[in-house]
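Working notes, beginning with the structure itself.
The values are calculated or read from the model by the stated rules, or taken from the named source; none is laboratory data. From a predicted model like this one, the values you see are computed outputs, not experimental measurements. Here the Cβ is made from the backbone with ideal geometry for all residues, glycine too, and neighbour counts use every protein chain on show.
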There are 2 protein chains.
Amino acid sequence: MDNSKEKLKFETYLTDKNLKHTEQRVHIMDIFSSAGKHLTAEEIYLAVRKKHPGIGYATVYRTLKLLCEAGICRELTCEDGIKRYEYQSQDEHHDHLICTKCGVFVEVVDPEIEKLQERLFKLNGFYPERHRMELYGICKKCSK
Amino acid sequence: MDNSKEKLKFETYLTDKNLKHTEQRVHIMDIFSSAGKHLTAEEIYLAVRKKHPGIGYATVYRTLKLLCEAGICRELTCEDGIKRYEYQSQDEHHDHLICTKCGVFVEVVDPEIEKLQERLFKLNGFYPERHRMELYGICKKCSK
DNA sequence: CTTGATATTGAGAATCATATTCAAATAAAG
DNA sequence: CTTTATTTGAATATGATTCTCAATATCAAG
Ligand SMILES: [Zn+2]
Ligand SMILES: [Zn+2]
Ligand SMILES: [Zn+2]
Ligand SMILES: [Zn+2]
C-alpha cells in the first residue's frame, strides 16, 4: 500500500507540534499500512516487534494516540471492550459490518442512513458531532 | 416504576436454571428499576450499597450477568470502554443519542434506518444478528 | 424443624488493556 | 560538537472486570 500521503501528513503534524521524527514512529506507521486494518494495539505491537524487536508497548500506545490526533488513524471501541485502530484519514467516514464467527470487518456507508441519522439528531434537538454504527451478523463464508 | 413483570421473569429464570432466590439479587433488581437507566456497574454498586451496605462488587457483576442472560438487562459497551447496563426486556430494541457534554442518553428507533440496515446486511451477504447505533452530539440543554 | 447437598456470598487477589514514571538515549537546532 | 527538549523502554500503576475460596445461605427431603 502506498502510504506516502499519510507519511507526509504525519511529518507535517510532528513538525507543527515541535515533536520529533523518530524511527519508532515511522516503523509503527509502516506496519500499520502493510498489516491490515482494524488492528488491536497488541496486534500492532507484535507486528512491529517482528521487524524492530526493541520496541515497547508504551511507544505503540503513544504513537497510536499521536496518529489519531493527526487524523491518520481512528480508534474503534468494539463490543469486546478492546480498542481497534484503523489506518485512515479522518474525512472518509464509514461504518462496519462485523462477522460474529470469524471477526471480519466490512466497511460500509449508506448515504440514505447517513441522511436519516442527521434527521434523528435534528428531531431530538441535538447538534450532530459523529456516530458509529456496527452491524453484527454472520458473513457468507462462515454461514456455508 | 412497577417492575413486577421483570421480577417474575427473573424468578422464573432462576427457578428454571436451579439457581437460588437470594436477597442480594432482589436488591440489585430493585435499585436498577428505581435509579435510572444506562448505569455503570459502579453506579449500581454504590446505589445498592446505600441501602444494603454489605454487598460486594463481585455480586453486582454476577447478578448483572444473570439479568442479561435472563433478558431483563442489556449491556452497552460505550466509547469510553466502560460498560453500561440498561434495565429492559430484550425484545424492545432501540438505539441511542448521547450528549458529549452532559452524557444524557436518549433512546431512539427509526424504522426506516432499521430497514436500510437489513438491506445492508443482505447486500453484503451477511446473516443479520443485531446492531448498535450511537449518535453523538450536543443536546439542546447543553448547547444553550 | 433439622439436615445435607448445592449454590451464593464478600473479601481479596488476579487479570487484562492501557497509562504513567523516570533515567537513559536520541533528535534537532545552534 | 554541544545543548536542550523530546522520546524511549522497562517497570510500575491504574481502573474495570473476573476469579478464588472459605464461610454462609437456600431449599428440598426427611
Ligand atoms: Zn455512518
Ligand atoms: Zn473500518
Ligand atoms: Zn436500531
Ligand atoms: Zn437505552
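Can you tell me which residue among A:Glu69, A:Glu23 is in contact with a helix residue (DSSP H, G or I) (Cβ under 8 Å, 6 or more places away or on another chain), charged (D, E, K, R) and closer than 21 Å to A:Leu8 by Cβ? One residue alone meets the criteria, A:Glu69. Filtered by the rule that a residue be part of a helix (DSSP H, G or I) and more than 7 Å from every other protein chain (Cβ to nearest Cβ), region A:109-144 gives A:Pro111, A:Glu114, A:Lys115, A:Glu118, A:Arg119, A:Lys122, A:Leu123, A:Lys141, A:Cys142.
Within region B:87-105, the set of residues being out of contact with any helix residue (DSSP H, G or I) (no Cβ under 9 Å at 6 or more places or on another chain) and in a strand (DSSP E or B) comprises B:His96, B:Ile98, B:Phe105.
Scanning region A:120-140 for residues that are more than 16 Å from DNA strand D (Cβ to nearest atom), among the β-branched types (Val, Ile, Thr) and surrounded by fewer than 20 Cβ atoms within 10 Å (Cβ to Cβ) turns up at least one hit.
The requirement of being within 12 Å of the chain's Cα centre (by Cα), modelled with pLDDT of 90 or more and within 14 Å of chain A (Cβ to nearest Cβ) is not satisfied by B:Glu86. Determine whether region B:39-59 contains at least one residue that is within 16 Å of ligand 3 (Cβ to nearest atom), surrounded by 14 or more Cβ atoms within 10 Å (Cβ to Cβ) and not hydrophobic (A, V, I, L, M, F, W, C). Looking for residues that are within 16 Å of ligand 3 (Cβ to nearest atom), surrounded by 14 or more Cβ atoms within 10 Å (Cβ to Cβ) and not hydrophobic (A, V, I, L, M, F, W, C), one finds none in region B:39-59, hence no.
Taking B:Thr59 as the residue in question, decide whether it is closer than 26 Å to B:Lys141 by Cα and in the same structural domain as B:Lys9 (by TED's automatic domain parsing). It is false that B:Thr59 is closer than 26 Å to B:Lys141 by Cα and in the same structural domain as B:Lys9 (by TED's automatic domain parsing). Taken over region A:76-96, the residue count meeting the criterion of being in contact (Cβ under 8 Å) with a residue 40 or more places away in the chain, surrounded by fewer than 15 Cβ atoms within 10 Å (Cβ to Cβ) and touching a strand residue (DSSP E or B) at 6+ places or on another chain (Cβ under 8 Å) is 1.
Test each condition in (1) in the same structural domain as B:Arg130 (by TED's automatic domain parsing); (2) surrounded by 17 or more Cβ atoms within 10 Å (Cβ to Cβ); (3) free of Cβ contacts under 8 Å to residues at least 40 places away in the same chain for B:Cys99 and report the one that comes out false. In the conditions (1) in the same structural domain as B:Arg130 (by TED's automatic domain parsing); (2) surrounded by 17 or more Cβ atoms within 10 Å (Cβ to Cβ); (3) free of Cβ contacts under 8 Å to residues at least 40 places away in the same chain, B:Cys99 misses (3) alone. Taken over region A:3-37, the residue count meeting the criterion of being more than 12 Å from DNA strand C (Cβ to nearest atom), under 19 Å from A:Lys51 (Cα atoms) and free of Cβ contacts under 8 Å to residues at least 12 places away in the same chain is 1.
If you go through region B:93-108 and pick out every residue that is in contact with an Asp or Glu (Cβ under 9 Å, 6 or more places away or on another chain) and more than 7 Å from chain A (Cβ to nearest Cβ), you end up with 7. Across region B:65-75, the qualifying residues are those that are surrounded by 17 or more Cβ atoms within 10 Å (Cβ to Cβ) and in a strand (DSSP E or B), and the one among them that is nearest to the other protein chains (Cβ to nearest Cβ) is B:Arg74. Does B:Arg62 satisfy the condition of being surrounded by 14 or more Cβ atoms within 10 Å (Cβ to Cβ), without any contact (Cβ under 8 Å) to a residue 60 or more places away in the chain, among the basic types (Lys, Arg) and in a strand (DSSP E or B)? Taking the combined requirement at face value, the residue does not satisfy it. Taken over region A:31-48, residues that are closer than 24 Å to A:Lys9 by Cα and assigned to a helix (DSSP H, G or I) amount to 10. Within region B:12-25, the set of residues being surrounded by fewer than 15 Cβ atoms within 10 Å (Cβ to Cβ) and closer than 19 Å to B:Gln88 by Cα comprises B:Thr12 only.
Of the residues B:Lys50, B:Lys5, B:Lys101, B:Lys17, the single one that is of a type in the set (Lys, Arg), at pLDDT below 90 and over 12 Å from the mean Cα position of the chain (by Cα) is B:Lys5.
Taking (1) touching a helix residue (DSSP H, G or I) at 6+ places or on another chain (Cβ under 8 Å); (2) over 26 Å from B:Leu8 (Cβ atoms); (3) in contact (Cβ under 8 Å) with a residue 40 or more places away in the chain; (4) not hydroxyl-bearing (Ser, Thr, Tyr) in turn, B:Leu120 satisfies each apart from (3).
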